[in-house]
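Only one structure is covered here, and it is reproduced in the block below.
The values are calculated or read from the model by the stated rules, or taken from the named source; none is laboratory data. Source: prediction; values computed, not measured. Cβ atoms come from the backbone with ideal geometry, glycine included; neighbour counts cover every protein chain shown. To get the accessible areas, we keep the full protein, side chains included, count just its heavy atoms, and leave off ligands, DNA and RNA. Shrake-Rupley method; radii C 1.70, N 1.55, O 1.52, S 1.80 Å.
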Amino acid sequence: MLTQLSGKFILSGNLVCKTGLHIGGSTIGLEIGGVDNPVIKDPLTDEPMIPGSSLKGKLRSLTEWYFGLIAYHDKHKGFQAYDCHELKDAQPSHEPELTRWLNVFRLACLFGPASDDVNIRRVAGPSRLTVRDAFLSENSRKNLEKILGAGIFTEVKTENALDRVTSEANPRPVERVPAGSQFEVRFIMDCYDPGDEDLFRTLFIAMALLEQSSLGGGGSRGNGQVTFENLHLVWRSNADYKVGGEGKIIALPGSTVSEVLDKYNQIQWPL
């Protein structure tokens, strides 16, 4: 069972758009002549943003595919075969069924239990990972306004849907955040049990998968290629929170996802 919160890891960095990014927003109040496929924006600044839910959901989906957890499975029957408390300390096995549930348990700890099975929900506990909404960096904001004009932060890409018989084009304007834009991202990992810090390995794998996938809509048409850069990790223990301490910087073996994963075992965790 979970004991108590021992502290939090804060992973920050930049999400860089390699191609235009489209995460759809509301069309309520659309003006005449406006784009019918707008991106989501901060209602206070009218600047594009990346909801934490969109980023976390994509990372979770990619992780589920990576672990092979998408196929139909009788979740209740599966957990009857194992003691959920033993899953916390179990090692990878040649037994496919046990390996599958080890991955389910890891996913539940990191992103939160999706299963309504009370056993895994009780043992896995709350989601360790919190993903904050991501907003444009100050440099990106200035660069976009310099190039596009004051108060303008997006572009419009016109796509054509072609009638396969008549070849008639049906234009479809799509609003995008331009390539080169950077968003400030922040991931917070709660630690309850010894070993929770190793959930970062799964998170970095998910981030690497995202770099070779896409974020938002229209990924198969070129939208949403992103990379993570300037990664920075800080550990704040319960004692730090008590006295308002800034925490301890955890040296990462690089500033990109691939660099971190390449030498992941060199990270010196404080727990």
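Go through the stretch 151-206 and count every residue that is crowded, with 21+ Cβ neighbours inside 10 Å, among the β-branched types (V, I, T) and under 30 Å from I267 (Cα atoms).
1
Under the condition of being part of a loop (DSSP other than H, G, I, E, B) and polar (S, T, N, Q), which residue from the stretch 256-268 is surrounded by the most Cβ atoms within 10 Å (Cβ to Cβ)?
From the stretch 256-268, those part of a loop (DSSP other than H, G, I, E, B) are 256, 263, 267-268; that's our starting set.
Checking the rest, the ones that are also polar (S, T, N, Q) come to 256, 268.
On the way: T256: 18, Q268: 6.
So the residue we want is T256.
Pairs, please: C-beta under 7 Å, at least 6 apart or cross-chain, first residue without any contact (Cβ under 8 Å) to a residue 24 or more places away in the chain and in the stretch 203-221, second open to solvent by less than 40 Å² (accessible area, probe 1.4 Å)?
From residues that are without any contact (Cβ under 8 Å) to a residue 24 or more places away in the chain, the pairs are S214/N223; S214/G224.
With respect to N103, is the statement that it is farther than 23 Å from G13 by Cβ and either in contact (Cβ under 8 Å) with a residue 24 or more places away in the chain or touching a Ser or Thr at 6+ places or on another chain (Cβ under 8 Å) (or both) true?
Values: farther than 23 Å from G13 by Cβ: yes; either in contact (Cβ under 8 Å) with a residue 24 or more places away in the chain or touching a Ser or Thr at 6+ places or on another chain (Cβ under 8 Å) (or both): yes.
For N103, the condition - farther than 23 Å from G13 by Cβ and either in contact (Cβ under 8 Å) with a residue 24 or more places away in the chain or touching a Ser or Thr at 6+ places or on another chain (Cβ under 8 Å) (or both) - is met.
Identify, please: which residue in the stretch 213-255 is of a type in the set (S, T, N, Q) and in contact with a strand residue (DSSP E or B) (Cβ under 6 Å, 6 or more places away or on another chain) and is, among those, surrounded by the fewest Cβ atoms within 10 Å (Cβ to Cβ)? Working first, answer last.
Keep residues of the stretch 213-255 that are of a type in the set (S, T, N, Q), which gives 213-214, 220, 223, 225, 227, 230, 237-238, 255.
Narrowing the set further to residues that are in contact with a strand residue (DSSP E or B) (Cβ under 6 Å, 6 or more places away or on another chain) leaves 227, 230, 237-238, 255.
Details: T227: 18, N230: 14, S237: 17, N238: 12, S255: 14.
Among those residues, the one meeting the criterion is N238.
Looking at K56, is it at pLDDT below 80 and outside any loop (DSSP other than H, G, I, E, B)? Talk me through it step by step, then tell me what you get.
On the way: at pLDDT below 80: no; outside any loop (DSSP other than H, G, I, E, B): yes.
Criteria not met by K56.
Which is at pLDDT 65 or above, in contact with a Phe, Trp or Tyr (Cβ under 8 Å, 6 or more places away or on another chain), assigned to a helix (DSSP H, G or I) and of a type outside the set (F, W, Y), of L110, L98? Please lay out each step first, then the result.
Working: L110 fails: in contact with a Phe, Trp or Tyr (Cβ under 8 Å, 6 or more places away or on another chain).
Exactly one residue qualifies, and that residue is L98.
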